[in-house]
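First the structure, in the form of structure tokens, and then the observations on it.
The values are calculated or read from the model by the stated rules, or taken from the named source; none is laboratory data. The structure presented is a predicted model; accordingly, all values stated were derived computationally and were not measured. Quick reminder, even Gly has a Cβ in these numbers, built from the backbone with ideal geometry, and neighbours come from all protein chains shown. Quick note on the areas: whole protein, heavy atoms, side chains included, nothing else; ligands and nucleic acids left out. Shrake-Rupley method; radii C 1.70, N 1.55, O 1.52, S 1.80 Å.
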Amino acid sequence: MTKEQYHEYLQSPEWVAVSKEVKSRAGYKCQACNSSLDLHAHHRSYVHLGNDMKHLDELICLCARC
């Protein structure tokens, strides 16, 4: 996947759903510092990129600072 394709994927309805699920699972708190501000879903691994909903364990909720 190219950088452009990755950025497009991050705007897709699929990624939006994955991101919401990751944040919800984390209780809308950063899993590193417990902040509830500016949260993002972050890949721990890109092995299953594009099939993230089936591999939510490979994603973590982090704030922008972390």
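For the reader, a short list of remarks on this structure follows.
- Heavy-atom accessible surface of the chain: percent carbon and sulfur, 1.4 Å: 51
- Length-normalised contact order of the chain in % [C-alpha pairs under 8 Å, at least 6 apart]: 34
- Per residue, the solvent-accessible area of the range 3-59 (1.4 Å probe, heavy atoms of protein chains only, all protein chains present) comes to 70 Å².
- Ordering 17, 60, 49 by Cα displacement along the dipole of the chain toward the positive end leaves 60 in first place; charges were set at the Cβ atoms of Lys, Arg (+1) and Asp, Glu (-1).
- Dipole check for the chain: with +1 at the C-beta of Lys and Arg, -1 at the C-beta of Asp and Glu, and the Cα centre as origin, the magnitude is about 260 Debye.
- Length released on extending from residue 31 to residue 8, taking residue separation times 0.36 nm less the Cα-Cα span: 5.7 nm
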